[in-house]
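Report on the following structure.
The values are calculated or read from the model by the stated rules, or taken from the named source; none is laboratory data. What you see is a predicted model; the values in this text were computed from it and never measured. With ideal geometry, Cβ positions are generated from the backbone for all residues, glycine too; neighbour counts draw on all protein chains shown.
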Amino acid sequence: MLDAYRFLVTAAPDALEAALEELRFKPHHTVWEEVAPGVALLEIEQPLAEWCACIDERPPVFVRHISPVQRELVLEGSDADLERLTRVAQSLAAELTPGRPFAIQTRLLDNDVTHLSRFVVNEQLAAAVQAVTNAPLNVREPSEVVSVALTPARAYVGVSPVSFNRSSWAGGAQRFAREQGQISRAEFKLLEAQAVFDFDWPTFGQALDLGAAPGGWTRILRRVGLPVVAVDPAKLDPRIARDRGVRHLQIVAQRFLPTSERFSVIVNDIRMDARDSAWLMVEAAPALEPDGLAVVTLKLPQAHMARVAYHALSILRGAYHVVGARQLFHNRSEVTAVLTPRAQIEAEVRDRAVQQRRRYRPAPTSE
Ligand SMILES: C[S@@+](CC[C@H](N)C(=O)[O-])C[C@H]1O[C@@H](n2cnc3c(N)ncnc32)[C@H](O)[C@@H]1O
């Protein structure tokens, strides 16, 4: 279905070059131009399947979203643009798999796109595509997406399976509604990590929140039902501080670790250099239960951002299995990593080996 060789790649504006570097697989090359802050139009020179296999093998950290560009339209700035876009979407509808849920995801790459509204484009193109394909529209959980990106001068349109895009949200911009009782904006980072890496919180044992104040992440862990040890020299929000399920230790994490306590969840949002934070997590590793889960945000400097991130991740790999690491939409100068104990993956490999051995063991003979 995907026959494109040009793509829009989206990253945080200051991480775009790092993101593109992650997609440049030797010996093939890529050519790109920045079409908006944090968005590059990329041309690949290697077979698409090979390129995708390379991405799966070495998942990029700084790429938030990839969408194919199968059609590019020069916009006139008039009402006729919507009609022309609709015709383009209809001509691409044949690329959708019949019967599979689809969505139109339109984004404005520039605030100066004033003559087209995201909602109107989504609605009109969805109706036009449905008229041709009869495919079910599912905005929340599409399996295929028609991506439309608009600048004042151009429209970039392409169709892909949502798994290819690396996010089911337009441009990777996953938004959450502000909740009543929300303590901090940092909560969005943890909610997004759970959605992107698709994990369930353990529901047994207790959680450790390093760098907990004012208490947003602690609030989320309490909602899961876990008692929380919150370590931070700063004060917690009174709504969290008076919760009897929260034990606040008003000290730096370096004074708490190592610890003889055990935790099913360890989270770390401490404002400190990514590599120091990774070493703290290494120190915390023995405290994580064998089927536990850890989440850490690694704070990055402006200079050598990618190099520092990869170094911190390599430190983490010494003590954990890194399930995934990404610069999420709600991450500013940081990346989020989700970790499980190394013992967990070693046990999985061992179980697989035992099963394989059983499968190939010759049947016992009667002699
Ligand atoms: C981004 S805030 C954490 C926000 C929190 N996750 C939330 O959702 O409310 C970073 C926190 O790290 C704390 N911090 C900085 N150095 C620390 C250290 N060495 N040990 C523990 N906490 C530290 C700061 O006091 C600050 O409260």
## Note on the structure
Subset of region 314-324, residues in contact (Cβ under 8 Å) with a residue 24 or more places away in the chain and surrounded by fewer than 23 Cβ atoms within 10 Å (Cβ to Cβ), comes to Ile315, Gly318, Ala319, His321, Val323, Gly324
### Task
Kindly provide the set of residues from region 36-85 that are free of Cβ contacts under 8 Å to residues at least 40 places away in the same chain and among the hydroxyl-bearing types (Ser, Thr, Tyr), ordered by number.
Ser78
### Task
Filter region 230-247 for residues that are part of a loop (DSSP other than H, G, I, E, B), touching a strand residue (DSSP E or B) at 6+ places or on another chain (Cβ under 8 Å) and among the hydrophobic types (A, V, I, L, M, F, W, C) and give the result.
Leu236
### Message
I'd like to check which helices (runs of 4 or more DSSP H) are fully inside region 108-212 and have at least 2 residues that are more than 16 Å from the ligand (Cβ to nearest atom) and under 20 Å from the mean Cα position of the chain (by Cα).
### Response
162-165, 186-197
### Query
Is it true that Arg239 is touching a residue at least 24 places away in the same chain (Cβ under 8 Å), more than 9 Å from the ligand (Cβ to nearest atom), more than 30 Å from Ala306 (Cβ to Cβ) and assigned by TED's automatic domain parsing to the domain that holds Gly318?
yes
### Query
Looking only at region 242-267, which residues are under 25 Å from the mean Cα position of the chain (by Cα) and near the ligand (Cβ under 9 Å from one of its atoms)?
Val267
### Task
Scan region 268-293 for residues that are more than 9 Å from the ligand (Cβ to nearest atom) and among the β-branched types (Val, Ile, Thr) and report the count.
1
### Query
Restricting attention to region 61-80, does a residue exist that is assigned to a helix (DSSP H, G or I), within 29 Å of the chain's Cα centre (by Cα) and surrounded by 15 or more Cβ atoms within 10 Å (Cβ to Cβ)?
no
### Query
Just a yes or no: is a residue in region 161-174 touching a helix residue (DSSP H, G or I) at 6+ places or on another chain (Cβ under 6 Å) and either hydrophobic (A, V, I, L, M, F, W, C) or modelled with pLDDT of 95 or more (or both)?
no
### Task
Determine if region 29-36 includes at least one residue that is exposed (fewer than 15 other Cβ atoms within 10 Å of the Cβ) and over 24 Å from the mean Cα position of the chain (by Cα).
yes
## Note on the structure
Looking across region 213-229 at residues that are outside any helix (DSSP H, G or I) and out of contact with any Phe, Trp or Tyr (no Cβ under 9 Å at 6 or more places or on another chain), the single one that is surrounded by the most Cβ atoms within 10 Å (Cβ to Cβ) is Gly215
### Query
Mind checking whether some residue in region 294-314 is within 13 Å of the ligand (Cβ to nearest atom), assigned to a helix (DSSP H, G or I), assigned by TED's automatic domain parsing to the domain that holds Leu191 and of a type in the set (Phe, Trp, Tyr)?
no
